[in-house]
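As structure tokens, the structure follows; a few thoughts come after it.
Just so it is clear, none of the values below were taken in a lab; they were calculated from the coordinates. No experiment lies behind these values; they were computed from the predicted model shown. Note: ideal-geometry Cβ built from the backbone for every residue, glycine included; neighbour counts use all protein chains shown.
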Amino acid sequence: MHMIFFDMNGVILRWPVPIGTTINAQYYKKVLQDKLRPAIRNKRPGQLESGILFHHDDAPVHTARAVTDVLAGYKLGTAGASSLFT
């Protein structure tokens, strides 16, 4: 399995999840901090500073406090699936 992060310009990060790994809030947070943030800085210079909007579904891993705190600290806002239909 892979975690794939992309924007309208293409793939920013394709991260292979090791076999047997459960993607929980702590694992997802670590990928955001250690892999995605540097990939954005490398592939989309200046984008972190101007802010980024993530589209997440409302899966528990996406809405966990540990994850939302990281996203808020990096100016990474979220738009959940439920917010698209209200």
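So here's what we get for this one:
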read-out: Answer label, with Rg/Rh (Cα atoms, Kirkwood Rh) calculated from the coordinates and candidates (i) 0.92; (ii) 0.95; (iii) 1.02; value: (ii)
read-out: Under 5 Å, built H, 5+ apart or other chain: amide partners of Ile12; value: Phe5, Phe6, Asp7
read-out: Under the Karplus curve 6.51 cos²θ - 1.76 cosθ + 1.60, θ = phi - 60°, whole-Hz ³J(HN,Hα) for the stretch 58-63, x wherever Gly or Pro sits; value: 9, 4, x, 5, 7, 9
read-out: Separation in nanometres of the label points that stand 7 Å from Cα toward Cβ, at Gln47 and Thr63; value: 2.6 nm
read-out: Label-point separation, Met1 to Thr21 (7 Å along Cα→Cβ), nm; value: 1.1 nm
read-out: The stretch 47-57 - phi-based ³J(HN,Hα) in whole Hz, Karplus 6.51/-1.76/1.60, Gly and Pro as x; value: 5, 4, 5, 8, x, 9, 10, 8, 9, 10, 7
read-out: Derived scalar couplings ³J(HN,Hα) [the stretch 7-23; Karplus, 6.51 cos²θ - 1.76 cosθ + 1.60; whole Hz; x for Gly, Pro]; value: 10, 5, 9, x, 6, 9, 8, 10, 10, x, 8, x, 4, x, 7, 9, 8
